[in-house]
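Peer 1: Take a look at the following structure, please.
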Amino acid sequence: MSKKIFAANWKLNKTPEESREFVIQFKNQIFQNTNFFENREVIIFPQAYSLEALSSLCAGTQIGFGPQNVYCESSGAFTGENSAEVSKLLKSEFTLVGHSERREIFKETDDLINKKLQLLQKLELTPVFCIGETLSQREAGQTMKVCLDQMSKGLAGLNKARRLIVAYEPVWAIGTGKVATLDQVKEVHQALYQYLNENSYSDFQLLYGGSVKPENANELLSVAHVDGFLIGGASLKVDSFLKICLS
Ligand code: PEP
C-alpha cells in the first residue's frame, strides 16, 4: 500500500521565523512516533521567503517541502517570479502548480501551467498539480468536463513515467468550510484515476483539497483513490495538521 500524502499549503502566511517554529514543533511531536513516516509522506509549501529556513530544518528528516509557485523559465528577465532551479538548489523536491488562487487571481492559463509542469519534469521535481471546478461550473453540470480538460491540457506532452501528484480541489470548497460530500469526491477521484490509468501514467497519487479538518479527514481518507490531502487553513497550526496526518 502506498503512503498517504499530507501536504500543507500555507499560502501567504507565516514569517520565516514562524515557519521555523512550526517545523521544530512538528518534529518534536512526531519524534516519539518512530513509525510516523512508514505510511505517511509530509510536504510543506511555505511562502518563498521561508524556503531557506525549511531547507535546513528538513534536511535529514523525511519532511518534504517546496514553493507554492514557480515560473516556467528558470532564469531571465521575469521580474518578481520564483525559480524552480533555485528551489532545487535549496533541496526542495516538490512544487505546487496551478492552484486555483493562481488560476483565478493571477490569471494563470492551462498553457502556462503546462509549461511549468514541463520545466519541473526537466528539473526532476515532483509537481502537486491542482485542478478543480468552480461553483457555477458544478451547478452547470460541468465538473467532470472541467477537471478532465484541466488535466489533459496541463499534462500535455509530459513524460508519463515520472511521478505526478494531482490535487483535486473544488474551488467552492477552498477556505470556505464547505467540504465536498464523499460521493462528490468519489465520483471525481474515480474519473481522474481512470483517466490517468487509461492514459498510461504509471506513478501518480490523487489528493483531495478543500476545507479538510481533523473532523472530516478520516471519512475523506476512506474514499477510494484518495491518497491524501492538500490542506490550507488547517495546516497552519501544528496541532490540527498533526491530527489530520494521524487520521
Ligand atoms: C488550499 O489552499 O489548497 C486549501 C485546500 O485550503 P483549505 O484547506 O483552507 O480549504
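Readers should treat all values here as calculations from the given coordinates under stated rules, not as data from a laboratory. Just so you know, these numbers come straight off a predicted model, no measurement behind them. Using ideal geometry, Cβ is built from the backbone for each residue, glycine included, and neighbour counts are taken over all protein chains shown.
Peer 1: Here is the link list: 122/243; 153/243; 160/213; 145/213; 3/115. Which ones come out longer than 30 Å on Cα distance?
Peer 2: On the way: 122/243 35 Å; 153/243 35 Å; 160/213 32 Å; 145/213 28 Å; 3/115 28 Å.
Flagged as over cut-off: 122/243; 153/243; 160/213.
Peer 1: In nm, to one decimal, how far is the residue 243 label point from the residue 39 one, both placed 7 Å along Cα→Cβ?
Peer 2: 2.1 nm
Peer 1: If you stretched the chain out fully between residue 142 and residue 32, how much longer would it get, using 0.36 nm times the residue separation minus the C-alpha to C-alpha distance? Before the final figure, lay out the partial values.
Peer 2: On the way: separation 110, 0.36 × 110 = 39.60 nm, distance 4.66 nm.
Here the segment from residue 142 to residue 32 would lengthen by 34.9 nm.
Peer 1: When N counts the residues of the range 56-171, how does its alpha-carbon radius of gyration compare numerically with 2.2 N^0.38 Å, as a ratio?
Peer 2: 1.10
Peer 1: Give me the one-decimal nm value for the distance between modelled label points at residue 59 and residue 123, 7 Å along each residue's Cα-to-Cβ direction.
Peer 2: Computed distance between label sites residue 59 and residue 123 equals 1.9 nm.
Peer 1: If you average 1/r across every pair of different Cα atoms in the range 111-150 and take the reciprocal, what Kirkwood value do you get, in Å?
Peer 2: Kirkwood hydrodynamic radius for the range 111-150: 11.5 Å.
Peer 1: Between residue 156 and residue 107, how many nm apart are label points set 7 Å from Cα along the C-beta direction?
Peer 2: Label-label distance for residue 156 and residue 107, simple model: 2.0 nm.
Peer 1: May I have the extent of the alpha carbons of the range 54-117 along their three principal axes, as whole Å values ordered from largest to smallest?
Peer 2: Taking max minus min along each principal axis of the Cα atoms, the range 54-117 gives 37, 26, 17 Å.
Peer 1: Counting pairs of Cα atoms in the chain, how many percent are more than 29 Å apart?
Peer 2: 24 percent
Peer 1: Same structure, new question: Over 13 Å apart: what share of the alpha carbon pairs of the range 187-247 falls there, rounded to a whole percent?
Peer 2: Beyond 13 Å sits 62 percent of the P(r) for the range 187-247.
Peer 1: Give me the mean projected area, in nm² to one decimal, of the convex hull enclosing the Cα positions of the range 159-222.
Peer 2: That works out to 4.6 nm².
Peer 1: Additional query: If you build the convex hull over the alpha carbons only and average its shadow over all orientations, what do you get for the range 118-247? Give it in nm² to one decimal.
Peer 2: 8.0 nm²
Peer 1: Going by how many other beta carbons lie within 10 Å of each one, how would you line up 226, 128, fewest first?
Peer 2: Ordered from fewest to most neighbouring Cβ atoms within 10 Å, 226, 128 come out as 226, 128.
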